[in-house]
Amino acid sequence: MDFIKEFFEQNLKPWWDSKDKNSKIVSASVGTAVTVALIVSLVFIIRPSYETLYHGLETEEAAEVAEKLAEYKVSYRLENGGTTIQVPRKDIYDIRLKLASEGLPRSGSQGYEILDESKLGMTEFLQKINYRRALEGELSKSIGSINGVKSARVHIVIPEPRLFKEDKKEATASVILTLSRAGGLSQHQVEGIVYLIASSVEGLHPENVTVLDSAGRLLSSRKQGSELGQLTSYQLELKKHVEEYLEEKALDILDPVIGPGKSVVKVSALLNFEQVEQTIENFDPDNPAVRSQEKITESSSEENSTTNGKGTVVSNSTENVVTNYEINRTAQHVVNEVGNIERLWVSLVVDGEIKEVESGGAVKEEYVPRTQEELDRLANLVRGAIGFDAERNDVFEIENVEFLHQKYEYSDGFFSKDKFNMLLEILFKVFLVIVCLIILMKVKKVVKSQMEKGRAEAKRRAEAKEAERKRQELLPKFKNEPKLVDHMKNIAKDDPAEVAKVIRTMLSQD
């Protein structure tokens, strides 16, 4: 404390006293601004960084989690109207494990665990309601585990059994999805959700399942048994998959040869969706086949008499053969494939090369188009990759076009959103530290300059004070003394240097 007090009295106080009113106001404003900037920077640097613990919670869940965090004495912040809870990054994994051991959060829906809470005297109606709630909760959990779905709510209507068939009603279901990505779900995923629900509820048909997103858009389509509509959608999707598959195969062989981004391939495929069944029978009359053969043999004997009285026995045998022939027949049942490729149209655009050319002692880049030999070689590679068939009247076009050459930065996908935010926060803190160091250096320079001025001013005042003291000693005690002039002359003769210093001091004060 003595050092600070001495520093203040010897340096800051003289420097402050030497300033006029305007200079004091400016100095005080600058000092206040620098102090506030330093305090804010230190707060940003020292304060803990928060990360999302859970998001999209129900109000009851958020209240339970907040209560547990208060018990753990962990600081937290609420965002998005209380549905998102953030905690310090260094404690996030420990807190999640602790909350998981407590069964929190409860994922907003309960499944078959509802049935564990059986109560005595529960009516049949309440048992049915609990079973339906449990089924809805289990389906919500299953749908929520699908990639791209943040959460789901399922509503099932199971009608009561009716005595007469005409009074019977079918079961229905509706699903509301909260998606975790802007692109939404593919049609395959939506159909999978529909069939998952239809297969989990007795008597529920896929056409009675409605799927909506959180914006109220209808994701499922009411097919109403229209096989034509289903087939048309299937045909378009199959055509798209075939074209993308062939384009990917072409790029897989082009990129290692000429480099990524140096070619563009587009394929248009004509698919045959005709469902034709043929039964073919061929007959061969020249080569008949024996179908059956029947043999009938008849035998008889007769006795003939002679003149001498002796007889002769004669035996007769008859054989009849009946043969049935059938013409050879070959039967074939042929079912044509559905979705086979009838024709392809392929367009390939290839970029040239950028080569360094020396011109006038300077090296510069120049665009060089590809030769016809290179184009033919690339075309043969692509034809072989996609299964080009000239007999099928496939069309193939290749052109060499100069691309717009720009430097693109491709992301390798290493940083997740949390890591990216963490990196930005670290860079911001480093920036604040650098700003604080620059401000401190400027302040140090200003303070040092002002302290030097203060010391110079203090030294000048000390010299002036000492000169005044010596002048008072040189002057006589009484100004009206008769021999004052003579006395001054004697002093000037004895010590002219001191007299000159006294005169300079008096002139400076005037």
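The values are calculated or read from the model by the stated rules, or taken from the named source; none is laboratory data. Since this is a predicted model, take the numbers as computed values, not measurements. Glycine gets a Cβ as well: all are built from the backbone with ideal geometry, and neighbour counts include every protein chain shown. Ligands, DNA and RNA are excluded from the accessible area calculation, which covers all protein heavy atoms including side chains. Shrake-Rupley method; radii C 1.70, N 1.55, O 1.52, S 1.80 Å.
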Cross-chain or 6+ apart pairs with Cβ under 9 Å, segment 196-213 first and on the phi < 0 side of the Ramachandran plot, then in a helix (DSSP H, G or I) and of a type in the set (Phe, Trp, Tyr):
Pro206/Tyr195; Val209/Tyr195
Listed by first then second residue, the pairs whose first member lies in segment 271-300 and is more than 30 Å from Lys240 (Cα to Cα), whose partner is surrounded by fewer than 10 Cβ atoms within 10 Å (Cβ to Cβ) and among the acidic types (Asp, Glu), with beta carbons under 6 Å and at least 6 positions apart or on separate chains, are Thr297/Glu319
I'd like the full set of residues that are more than 29 Å from Asp252 (Cβ to Cβ) and among the aliphatic types (A, V, I, L, M), limited to segment 345-377.
Val357, Ala362, Val363
Taking the residues in segment 160-203 that are under 30 Å from Phe125 (Cβ atoms) and small (Gly, Ala, Ser) as candidates, determine which candidate is nearest to the chain's Cα centre (by Cα).
Ser174
Residue within segment 40-53 that is at pLDDT below 80 and open to solvent by less than 50 Å² (accessible area, probe 1.4 Å) present:
yes
Leu126 is checked against (1) within 37 Å of the chain's Cα centre (by Cα); (2) open to solvent by less than 90 Å² (accessible area, probe 1.4 Å) and fails just one. What number does that condition carry?
(1)
What number of residues in segment 250-261 are charged (D, E, K, R) and touching a Gly at 6+ places or on another chain (Cβ under 9 Å)?
1
If we keep only residues of segment 249-270 that are free of Cβ contacts under 8 Å to residues at least 12 places away in the same chain and open to solvent by 60 Å² or more (accessible area, probe 1.4 Å), then the residue farthest from the chain's Cα centre (by Cα) is Pro256
Per-region count, segment 176-195, residues without any contact (Cβ under 8 Å) to a residue 24 or more places away in the chain and touching a strand residue (DSSP E or B) at 6+ places or on another chain (Cβ under 7 Å):
1
Can you confirm whether Leu228 is at pLDDT below 90, closer than 30 Å to Asp394 by Cα and not in a strand (DSSP E or B)?
yes
Looking at segment 115-129 only, could you name the residues that are within 21 Å of Glu160 (Cβ to Cβ) and modelled with pLDDT under 80?
Leu115, Met122
By residue number, the members of segment 168-187 that are over 15 Å from Leu212 (Cβ atoms) and either open to solvent by 80 Å² or more (accessible area, probe 1.4 Å) or part of a loop (DSSP other than H, G, I, E, B) (or both) are Lys168, Lys169, Glu170, Ser180, Arg181, Ala182, Gly183, Ser186
Kindly indicate whether Ile146 is modelled with pLDDT of 85 or more and not in a helix (DSSP H, G or I).
yes
Can you find, within segment 271-287, the residue that is nearest to Arg343 (Cα to Cα) among those that are at pLDDT below 75 and open to solvent by less than 70 Å² (accessible area, probe 1.4 Å)?
Val276
Take Val157 and decide whether it is over 28 Å from the mean Cα position of the chain (by Cα), of a type in the set (Val, Ile, Thr) and farther than 17 Å from Ala215 by Cα.
yes
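From Glu397, Glu391, Glu425, which residue is of a type in the set (D, E, K, R), surrounded by 11 or more Cβ atoms within 10 Å (Cβ to Cβ), assigned to a helix (DSSP H, G or I) and modelled with pLDDT of 75 or more? Don't jump to the end; show me each part of the working.
On the way: Glu397 fails: assigned to a helix (DSSP H, G or I); Glu391 fails: surrounded by 11 or more Cβ atoms within 10 Å (Cβ to Cβ).
Residue meeting the stated conditions: Glu425.
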